[in-house]
Amino acid sequence: MHFYSAPFIALFAALAISCSGGSASSGASPTTDIPASTIESTAAPTATTAPAEPSATPVPSATTAPTAAPVQTATNEPPGQATSPPAPTSPPAPASPPAPTGVAAPIRGYGFPYQLTVPAGSTVVWTNYDSVPHDVTANDDSWTSGLFGEGDSWSKTFDTPGRYAYVCRVHPYMQAVLIVE
C-alpha cells in the first residue's frame with residue numbers, strides 16, 4: 001500500500017478537477033474531499049537552531065513547506081546516462097526437461113525442411129514453432145510422433161541409411177524427405 005503526503009494528494013485532486021473542466025461538486029476545497037484514511041499524517045519539517053550561547057541573539061525557527069524530493073535509485077551506469085526501469089519479477093518457471101539435442105528440423109509456417117540430409121546414427125529433433133499442433137509421420141506409417149503443440153519438440157534417431165519420406169497427417173500438404181547416409 002502506498003501512502004502519499006497530504007500536499008501531494010491535494011495537488012493531484014486540484015489537477016484532476018482543473019483537467020476535467022469542472023469544479024468539486026460539493027464546492028469544498030479539494031483537500032476536504034479526500035477521505036481521511038488516504039492521507040498520511042505527517043508534521044511539516046521545521047528548522048531549529050542550536051542552543052543559544054549566552055551572548056548570541058536567539059533566531060526564531062522557520063517553518064518550511066514540504067517539497068517533493070527526486071527519487072534516487074541505485075544504478076551501475078555512469079551519471080547522465082538513461083536508465084531502464086527494473087524488470088518485473090515473476091516466480092521461477094518450473095524445471096522442464098532439457099530439449100533433445102541433435103539435428104534441428106524446425107516446423108514453421110506449416111512446413112518442414114523440404115529435404116534434410118544427416119549421417120547414420122543422427123537424432124533429428126522436430127520443434128513446432130507454429131501455433132497449431134502438428135505430427136511427424138513416416139509415409140509408410142513405420143513411425144509417428146503423435147501431435148505436439150507450439151514450443152514442443154519430438155526426436156527420433158535414424159541408424160539405418162535410406163530415404164525417409166514423412167508428412168504431417170493433420171496437414172497433408174506438409175511433406176518432406178529425410179536422407180540418412
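The values are calculated or read from the model by the stated rules, or taken from the named source; none is laboratory data. The model shown is predicted, which means the values in this text are computed figures rather than measured ones. Neighbour counts run over all protein chains shown; Cβ positions are idealised from the backbone, glycine included.
Points to keep in mind about this one:
- When the test is whether a residue is outside any loop (DSSP other than H, G, I, E, B) and more than 34 Å from the chain's Cα centre (by Cα), residue 123 passes it.
- Residue list for the range 123-145, filter: small (Gly, Ala, Ser) and farther than 16 Å from residue 106 by Cα: 138, 142
- Residue in the range 136-143 that is part of a loop (DSSP other than H, G, I, E, B), touching a Ser or Thr at 6+ places or on another chain (Cβ under 9 Å) and not small (Gly, Ala, Ser) present: yes
- So residue 165, is it part of a loop (DSSP other than H, G, I, E, B), touching a strand residue (DSSP E or B) at 6+ places or on another chain (Cβ under 9 Å) and of a type in the set (A, V, I, L, M): no
- Screening 110, 173 for residues that are modelled with pLDDT of 95 or more, more than 30 Å from the chain's Cα centre (by Cα), outside any strand (DSSP E or B) and surrounded by fewer than 17 Cβ atoms within 10 Å (Cβ to Cβ) leaves exactly one candidate, 173.
- Single residue of 167, 125 found to be farther than 19 Å from residue 102 by Cα and modelled with pLDDT of 95 or more: 167
- The range 123-136 residues that are exposed (fewer than 13 other Cβ atoms within 10 Å of the Cβ), paired with ones that are not β-branched (Val, Ile, Thr) (beta carbon under 6 Å, 6 or more apart): 129/106; 129/108; 131/150
- Condition check for residue 142: in contact with an Asp or Glu (Cβ under 7 Å, 6 or more places away or on another chain) and farther than 13 Å from residue 102 by Cα: no
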